[in-house]
Amino acid sequence: MPRPRRGVIVRPLTRHDVYEIVTLREKLEAFAVRIGIPVRSPERLQACR
């Protein structure tokens, strides 16, 4: 929580927090590739992975 003229306090991440962030990013990036590259050939899509 910000405090005037005292900076901020950053909450440390737990292993569970890191796991959630990494798995969410993995799913979002895979989704972005699927919708951003309109290919019908699985071989061409594999090259992007």
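Here, each number is a calculation from the coordinates, and none is a lab measurement. Small disclaimer: the values here were computed from a predicted structure and weren't measured. Note that each Cβ is placed from the backbone with ideal geometry, even for glycine, and that neighbours are counted across all protein chains shown.
Observations
- Relative packing of 26-32, 8-14, which averages over residues the other C-beta atoms within 10 Å, highest first: 26-32, 8-14
- Between helix 15-36 and the chain there is an angle of about 40 degrees, using the helix long axis and the longest principal axis of the Cα atoms.
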